[in-house]
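Here the structure comes first, spelled out in structure tokens, and everything after it is commentary.
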Amino acid sequence: MEKIEELRQTYIQPLLNRQETFEPQGFEHFIRREGAYLYDGDKPWRFMSVNLPSALYNSDGGNDDKWLRISPFEVEDQMKTVAAMGGECVRVFVLSVRMENESVIRHIYGPSQFDELMFRDFDLLLAYANKYKVRLIVPLINIWQSMGSNFDFDRWCGGDGTAYSFYHNPHTREKYKELLHYLFNRVNVYTGVRYKDDRAIAIWELGNELNHPLIEAPVEPDASCNYETRIGQTGGSMADEWAMDISAFIKKEAPNHLTMNGAQYDPTPAVLHDPNMDIIVLHYCWPLGFGSVPCSKTKITLEEFLEAKKAFIYGEFDPAHEINEGFLKECRENPLISGALAWSLRGHDKRGGYLCHNDFGYPSLRWPGFDNGMPDERERLLSIRETSYRMRGEEPPAILPPDPPTLLPIATPHAISFRGAVGADHYRIERAETPNGPWTLVDGEVQDCQYPFYEPFDDKGAAMDRDIYYRVTAIGLGGESAPGNVMPFIAAHPLIADMEEEIIGDLFVDECNGLEKLYQIENPEHICVAKSGSYHQYSFNSFVFSGPVAMTYRSAIDMQDCFVHIGWQGEGWRALTLEVSRDGEHFVPAAASLRDYGECDGRHFGRLEAFPLPAGIRFLKIRVQPALELETLEVSRVEYTGGLVYED
């Protein structure tokens, strides 16, 4: 036990004990508007940057509280990334709202019911934003169901969950203002600053893509993927009165912050000329008069922004298709473009690798860009960085070397994980027989971007019968870091593996990009790997089937739950069943339920979930049987709480 405690104090405790104090404010001025222009003090404020959907929470964390909450490492990594890109400003994502039949952690559970832990994560984001000099645009509520929506908020307030009710129900309006009052007057536990006094908050956006046409009677919320039904009409909108009332409320409660309308397409005349609305936002629709990205969904012109004395921010643009020299030139040279934000970028995962999402059929952006993502990802990111500096009249500075990466506890040399460093292109892994060396190169070209989610490094040449010490160095565009922390594999003391849960947990994920993670497979000739449909938000490959298949996973420790993400048409999901076993020989059906996330382009996406599992379960079998519409079934991701067993 003395040896174990020594290991903990020397190698584990430094990772757990890091505490940081923050200065109350990182900025001298609030951002302000004069006419159609934004200013930081007396200096024009303009930027090109990114959306960070995982800055407030892990938007791809599924239904597990442990993964939904963003970690301090992940928050700081994202702020450091934006600072390295010269972004100066980011747009985070909405406050989450608990949906019907949910039990997971959210910011909002109902009228005046808020989660302190989730808001403490918001506190930490603001603290790091001030530290790294990054301003925030905060959209308040979502129209889409992914993290709960305005419809869910209305239901919690006693409404019928329609757009009409959300905008016109007096009780819902009252409770929404109570939410905003709480938000603006919350005191940050890390800095002691009220949100309404925090200069890192530049803009409160009324919501995300709140596009509702002119409707005078209750209607069901449109849950389809057809944006056309939600385009704001130039003659007026059911949301106009709500938007003007809420913008006036924000100006009263948080007068130092700016307001942005929060729609996706053209604003209505009422919103465009609202004196309490500072900024108009568009998504994927470049205004007429700019010209490089023509869009049939918009009719607003450059002159209208000027006449209305409203600043313009391009809130979301597609970096795969909209970054070209004409677009970049307009952003650099046209002072009416206050900001442009690419959708979207993810930072490093606390377990290793990157947080990830499927954006436009590619992995979300990852700084400094890699060959296995969006075409020319690095060139596009460097263009965003250069343009942001040019927009504020500055010469882009040299890119700095990355900080040292952090090795995580090592249970086996065949699964070595480390937290990546901002700006690192690749890493050098070394091993030694003592903690002080001499060091032997294991691999000098390790990248942490090969998989959408966490995938450990396998030191195939390691001897398992002796102690081994490892260290990792990051190499980036600006040079290389100092070597990171030393972490041992102690052959005689496997208990160190139990300490891993304190830092990274034990979530296993199969991204279905190959059969290597399967313990056993029956009828492998009936399974192949294909590219996922766009409805899989965080998966890029899927298993597809031409006949009956049984796929078995084996865990090193007891499984607690399992989730199988699928896409299907019609009744195709019924072809799939889950079975579990303690010994790998005697399987019984798992009590699984289907969570249908909705339909898009004629296909459903969702998952089969079984939790909690009986005690002692070590094997999961996914059985695909011949059934109607089997050819439409895809398995895009398998996850369970447990541990992968590597075959000898």
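The values are calculated or read from the model by the stated rules, or taken from the named source; none is laboratory data. Just so it is clear, the model here is predicted, and its values are computed rather than measured. All Cβ positions, glycine included, derive from the backbone under ideal geometry; neighbour counts span all protein chains shown. Remember, those area values only see protein heavy atoms, side chains included, never the ligands or the DNA or RNA. Shrake-Rupley method; radii C 1.70, N 1.55, O 1.52, S 1.80 Å.
Selection of region 179-208 for residues being part of a helix (DSSP H, G or I), in contact with a helix residue (DSSP H, G or I) (Cβ under 7 Å, 6 or more places away or on another chain) and open to solvent by less than 10 Å² (accessible area, probe 1.4 Å) yields 180, 183, 184, 195. Counted as qualifying within region 13-71 are the strands (runs of 3 or more DSSP E) with 3 or more residues that are at pLDDT 95 or above, within 30 Å of residue 364 (Cβ to Cβ) and of a type outside the set (S, T, N, Q), namely 47-50. Once region 319-340 is narrowed to residues that are in a strand (DSSP E or B) and not hydroxyl-bearing (Ser, Thr, Tyr), the residue that is farthest from residue 276 (Cα to Cα) is 340. For residue 316, the conditions (1) in a loop (DSSP other than H, G, I, E, B); (2) in contact with a Phe, Trp or Tyr (Cβ under 8 Å, 6 or more places away or on another chain) all hold with the exception of (1).
The number of residues in region 595-632 that are outside any loop (DSSP other than H, G, I, E, B), modelled with pLDDT under 75 and open to solvent by 50 Å² or more (accessible area, probe 1.4 Å) comes to 3. Filtering region 109-118 to residues that are open to solvent by 20 Å² or more (accessible area, probe 1.4 Å) and assigned to a helix (DSSP H, G or I) leaves 116, 117. Scanning region 236-245 for residues that are of a type in the set (A, V, I, L, M, F, W, C) and surrounded by fewer than 23 Cβ atoms within 10 Å (Cβ to Cβ) gives 238, 242, 244. For region 450-472, indicate whether the set of residues that are modelled with pLDDT of 90 or more and at positive phi is non-empty. No: region 450-472 contains no residue that is modelled with pLDDT of 90 or more and at positive phi. Number of residues in region 152-178 that are over 14 Å from residue 243 (Cα atoms) and crowded, with 24+ Cβ neighbours inside 10 Å: the value is 3. The residue of region 539-555 that is nearest to residue 358 (Cα to Cα), among those that are small (Gly, Ala, Ser) and under 29 Å from the mean Cα position of the chain (by Cα), is 539. Taking region 269-282 as the range and being more than 21 Å from residue 340 (Cα to Cα) and touching a residue at least 12 places away in the same chain (Cβ under 8 Å) as the test, the residues that pass are 269, 270, 273, 274, 276.
Take the residues in region 491-522 that are modelled with pLDDT of 85 or more, assigned to a loop (DSSP other than H, G, I, E, B) and of a type in the set (A, V, I, L, M, F, W, C); name whichever of them is most open to solvent (accessible area, probe 1.4 Å).
Of region 491-522, the ones modelled with pLDDT of 85 or more are 512, 514-522.
The next check asks that each one be assigned to a loop (DSSP other than H, G, I, E, B); those that pass are 512, 514-519.
Right, trim to of a type in the set (A, V, I, L, M, F, W, C) and you get 512, 515, 518.
Working: 512: 0, 515: 70, 518: 14 Å².
Across region 491-522, the extreme among qualifying residues is 515.
Taking region 128-148, which residues are of a type outside the set (A, V, I, L, M, F, W, C) and either modelled with pLDDT of 95 or more or farther than 18 Å from residue 55 by Cα (or both)? Please lay out each step first, then the result.
Of all residues in region 128-148, those of a type outside the set (A, V, I, L, M, F, W, C) come to 128, 130-133, 135, 139, 142, 145-146, 148.
If the condition is that a residue be of a type outside the set (A, V, I, L, M, F, W, C) and either modelled with pLDDT of 95 or more or farther than 18 Å from residue 55 by Cα (or both), then 128, 130, 131, 132, 133, 135, 139, 145 are the ones that fit.
With respect to the conditions (1) buried (at least 22 other Cβ atoms within 10 Å of the Cβ); (2) part of a loop (DSSP other than H, G, I, E, B), residue 90 lacks only one, and its number is (2).
How many of the residues in region 1-47 are touching a Pro at 6+ places or on another chain (Cβ under 9 Å) and farther than 19 Å from residue 392 by Cα? Walk me through it before giving the result.
We begin by selecting, within region 1-47, every residue touching a Pro at 6+ places or on another chain (Cβ under 9 Å); these are 7, 10-12, 15, 18, 20, 36-38, 44, 46.
From what's left, farther than 19 Å from residue 392 by Cα: 7, 10-12, 15, 18, 20.
Adding up the residues that qualify gives 7.
Contact map, region 187-206: residues that are closer than 14 Å to residue 21 by Cα and of a type in the set (Phe, Trp, Tyr) paired with residues that are open to solvent by 10 Å² or more (accessible area, probe 1.4 Å) and assigned to a loop (DSSP other than H, G, I, E, B), Cβ distance under 7 Å, separation 6+ or inter-chain. Pairs shown: 190/22. From the list 390, 378, the lone residue that is free of Cβ contacts under 8 Å to residues at least 12 places away in the same chain, surrounded by fewer than 20 Cβ atoms within 10 Å (Cβ to Cβ) and among the basic types (Lys, Arg) is 378.
With respect to residue 121, determine if the residue is farther than 20 Å from residue 239 by Cα, open to solvent by 10 Å² or more (accessible area, probe 1.4 Å), touching a residue at least 12 places away in the same chain (Cβ under 8 Å) and not in a strand (DSSP E or B). The answer is yes for residue 121. Whenever a residue of region 299-313 is on the phi > 0 side of the Ramachandran plot and aliphatic (A, V, I, L, M), it has no partner that is outside any helix (DSSP H, G or I) and open to solvent by less than 10 Å² (accessible area, probe 1.4 Å) lying with C-beta atoms less than 8 angstrom away and at least six residues away or across chains.
Listed by first and then second residue, the pairs linking a residue in region 74-89 that is more than 19 Å from residue 392 (Cβ to Cβ) to a residue that is of a type in the set (Lys, Arg) and part of a loop (DSSP other than H, G, I, E, B), with Cβ atoms under 7 Å apart and 6 or more places separating them unless they lie on different chains, are 74/350.
Residues checked against (1) under 27 Å from residue 639 (Cβ atoms); (2) open to solvent by 30 Å² or more (accessible area, probe 1.4 Å); (3) part of a strand (DSSP E or B):
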site: 441; (1), (2), (3): no, yes, yes
site: 444; (1), (2), (3): no, no, yes
site: 450; (1), (2), (3): yes, yes, no
site: 464; (1), (2), (3): no, yes, no
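Looking at region 547-591 only, could you name the residues that are small (Gly, Ala, Ser), open to solvent by 10 Å² or more (accessible area, probe 1.4 Å) and under 19 Å from residue 516 (Cα atoms)? Result: 556, 584. Out of 98, 106, which single residue is open to solvent by less than 30 Å² (accessible area, probe 1.4 Å) and within 30 Å of residue 173 (Cβ to Cβ)? The conditions single out 106.
To keep it simple, each residue is scored yes or no on (1) at pLDDT 95 or above; (2) of a type in the set (D, E, K, R); (3) under 30 Å from the mean Cα position of the chain (by Cα); (4) at negative phi.
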position	(1), (2), (3), (4)
263	no, no, yes, yes
282	no, no, yes, yes
289	no, no, no, no
326	no, no, yes, yes
336	no, no, yes, yes
345	yes, no, yes, yes
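Evaluation of residue 82 against the conditions (1) of a type in the set (A, V, I, L, M, F, W, C); (2) assigned to a helix (DSSP H, G or I); (3) surrounded by 21 or more Cβ atoms within 10 Å (Cβ to Cβ); (4) at pLDDT below 95 shows that the sole unmet condition is (4).
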